[in-house]
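Trainee: Sending over a structure as structure tokens; questions will come in a sec.
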Amino acid sequence: MASLFGHGIVGFTLAKLISIKQAKLLVFLAISSAILPDLDVISFSLGIPYSHPFGHRGFSHSIVFSILWALILMFLFGKQNKFTWFVVIFFSIISHGVLDAMTSGG
Ligand SMILES: [Zn+2]
């Protein structure tokens, strides 16, 4: 199972590859976005089963969620470099599902 640190380092690396204003904010949000999908573990305490679409490794690990999340952050924080923001955040969060798919858990 990929660790939260392992997911976060991908977001960190992607954000560090580019140089824009607001770089520190982008690094922080890229790391947070790469870790974000695993917040769906709270679904267990809500009684949502693992295999449910909104269960662990469900919607929050999907491409649609990645696109939506990247669009939200792009419009909220990407003042001048919107496309760069979208690309970095999208690949940060989509990397989470890719790393999870390489594990034997779930
Ligand atoms: Zn995950």
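Only the coordinates and a few stated rules stand behind these numbers; no lab work does. Source: prediction; values computed, not measured. Every residue, glycine as well, gets a Cβ built from its backbone with ideal geometry; the counts of neighbours run over all protein chains shown.
Trainee: For a protection proxy built on the mean count of beta-carbon atoms within 10 angstrom, sort 57-70, 81-94 highest first, please.
Mentor: Highest-to-lowest ranking by the protection proxy: 81-94, 57-70.
Trainee: Also, I was wondering about something else. Given Cα positions, please report Rg to Rh for the chain, the hydrodynamic radius being the Kirkwood one.
Mentor: Numbers: Rg = 13.9 Å, Rh = 13.9 Å.
Result: Rg/Rh = 1.00.
Trainee: Give me the dipole magnitude in Debye, nearest 20, for the chain about the Cα centre, with unit charges on the beta carbon: positive for Lys and Arg, negative for Asp and Glu.
Mentor: Dipole of the chain, to the nearest 20 debye: 480 debye.
Trainee: Still on this structure: Quick check: the angle from helix 63-77's long axis to the longest principal axis of the chain, C-alpha only, nearest 10 degrees?
Mentor: Computed tilt is about 40 degrees.
Trainee: Please give the Cα centre distance for the range 76-106 versus the range 29-44, rounded to the nearest Å.
Mentor: Each part's Cα centre sits 11 Å from the other's.
Trainee: Can you give the angle from 0 to 90° between the axis of helix 23-35 and the longest principal axis of the chain, with both taken from C-alpha atoms, to the nearest 10?
Mentor: That works out to roughly 10 degrees.
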